[in-house]
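Below is one structure, written out as structure tokens; comments come after it.
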Amino acid sequence: MRIGILPAGQALFSFIVDVFRIDGAARLVGTVSVSGAKNSSLKLMAVALLATGTSTIHSVPNILDVTIMAELLRRLGCTVDYNPDTETIVIDVPAEIEHRADYDLVRRMRASIAVLGPLVARTGAADVALPGGDNIGSRGLDMHIAGLERMGAEVTSEHGYLVVHAPAEGLHGTHVYLDFPSVGATETLLMAAVTANGQTVIDNAAREPEIVDICEMLLKMGADIQGVGTSLLTVNGVSSLSPVEHTTVADRIVAATWAVAAVMTQGDITILNARPEHMALPLEKLTAAGATVESVDNGIRVHINRRPTAVDIVTLPYPGFPTDLQPQFIALNSVAEGSAMITENLFEARFRFVQELSRLGAEVRTDGHHALVRGKPLLSGAPVEATDIRAGAGLVLAGLVAEGATTVHGIEHIDRGYVGFEEQLIALGAPVSRNVINDLD
């Protein structure tokens, strides 16, 4: 948001914002390419802190969150160079790094908490501001804290910062059982454990492809990790790690978003660099909705030539249905034949998106963590507000099946998760533009 003083006689402040405008319904046809996963790239950048020297990470998406994480690493003492054309980031980590992650950066991106484990492992201490990020519900740090304390760390909360101190002899191995397979807690404890003294067992660990990607980079660096891809990770601490070169796993959420776009608009999209094995359940749901999903060289093709059929969704930790695709599938069901029940088991505030979708004429009724969606042939364009990355994507897709113009505000959220979203939509035939408006008009 840009704020400026206007001439006398006009409003005192001008709130200038970027919005997406979608001018009516469209059928999307063509090819898109998926970059590396946002939810992996940011964590791999934090992993680089564990080794002195220069690490190179490829397929890092050119999004705002990467810019924020790069600045955070610079403040910790690293030299960071990012080439958006090649999507390659080079991180030079000095022998001595700082251990404070400031509020002004951490509040803008929850993934900043990923530096917690590496900082404690490298420096024996960490002062990390309590994180911000998407407004989709509470995501506490209790399991991060409990795990670090079991490894011998002293953890306190002071003036909005999580303050962690390892014992003089360093963290020690332990057995940690996670009450829930938290991605963030698994990442923190994994990165803290790779150089801890002795063996650490993380039980009920998250199994997402992004966790596997982190493990693969750590293994290249010299870590000793067993059980990669399972819910039981066994980590034998090593004395040091070495810098490496690594390529980020493809973004399964972005790939699946394009697949949903094909089905919603009764289109035909080839998605390059997609990994179908990482989104098996969402693709099964799209097939149940009437789509044809085919493997092609380096990707998949998703097409349908009729109105989709409504499909029930229940979000669960991987390999269950991802919560990050829930808004897109609610949007899909809003124009499908029949009715469907969506059950959200992970984030209690994710249904805030429904209020905005209803402005487009969608028929959605929520009750606790359930939403009943009754499909209709066409939505109706209106101004709407994105409250998080995936809600923003869902609203844009809904605008593509709406009669009349739809204006999506809050697109800074979308920019945090999707590279060149409007350019790729335009290439597929969508009547989309990025406009600058005065938000007080």
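The values are calculated or read from the model by the stated rules, or taken from the named source; none is laboratory data. Treat the numbers as computed from the prediction; the structure is a model and nothing was measured. Cβ: placed from backbone, ideal geometry, glycine included. Neighbour counts: every protein chain shown.
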Practice problem: Would you be able to say whether some residue in region 416-433 is farther than 19 Å from VAL260 by Cα and modelled with pLDDT of 95 or more? | Solution: yes
Practice problem: Kindly check whether there is at least one residue in region 386-393 that is in the same structural domain as ASP18 (by TED's automatic domain parsing) and in contact with a Gly (Cβ under 6 Å, 6 or more places away or on another chain). | Solution: yes
Practice problem: Scan region 296-338 for residues that are in contact with a strand residue (DSSP E or B) (Cβ under 8 Å, 6 or more places away or on another chain) and among the hydroxyl-bearing types (Ser, Thr, Tyr) and jot them down. | Solution: THR309, THR315, THR323, SER334
Quiz item: Is there a residue being surrounded by fewer than 15 Cβ atoms within 10 Å (Cβ to Cβ), under 28 Å from ILE211 (Cα atoms) and among the charged types (D, E, K, R) anywhere in region 331-346?
Solution: no
Exercise. Identify, by number, the condition in (1) of a type outside the set (A, V, I, L, M); (2) free of Cβ contacts under 8 Å to residues at least 40 places away in the same chain; (3) in a loop (DSSP other than H, G, I, E, B) that TYR82 doesn't meet.
Key: (3)
Quiz item: Which condition breaks for GLY117 when tested against (1) surrounded by fewer than 24 Cβ atoms within 10 Å (Cβ to Cβ); (2) within 21 Å of the chain's Cα centre (by Cα); (3) under 22 Å from VAL155 (Cα atoms)?
Solution: (1)
Quiz prompt | Residues that are surrounded by fewer than 20 Cβ atoms within 10 Å (Cβ to Cβ) and more than 12 Å from SER40 (Cα to Cα), drawn from region 57-67 | solution = ASN62, LEU64, THR67
Quiz item: Condition test on THR248, is it among the polar types (S, T, N, Q) and under 12 Å from SER35 (Cα atoms)?
Solution: yes
Exercise. Please tell me if ILE271 is under 14 Å from ARG252 (Cβ atoms) and part of a strand (DSSP E or B).
Key: yes
Practice problem: Could you list all residues from region 107-131 that are in a loop (DSSP other than H, G, I, E, B) and either over 19 Å from ALA146 (Cα atoms) or modelled with pLDDT of 95 or more (or both)? | Solution: ARG107, ARG108, MET109, GLY124
Quiz item: Do any residues in region 279-296 that are on the phi < 0 side of the Ramachandran plot have Cβ atoms under 6 Å from those of residues that are loosely packed, with under 13 Cβ neighbours inside 10 Å and at pLDDT 95 or above, where the two are at least six apart or on different chains, and which pairs are they?
Solution: none
Exercise. Only residues that are touching an Asp or Glu at 6+ places or on another chain (Cβ under 6 Å) and not in a strand (DSSP E or B): list them for region 305-325, please.
Key: ARG307, TYR318
Quiz item: From the set of residues in region 339-397 that are in a loop (DSSP other than H, G, I, E, B) and polar (S, T, N, Q), which is modelled with the highest pLDDT?
Solution: ASN345
Quiz item: So which of ASP127, ASP179 is within 28 Å of ARG416 (Cβ to Cβ), surrounded by fewer than 22 Cβ atoms within 10 Å (Cβ to Cβ) and in contact with an Asp or Glu (Cβ under 9 Å, 6 or more places away or on another chain)?
Solution: ASP127
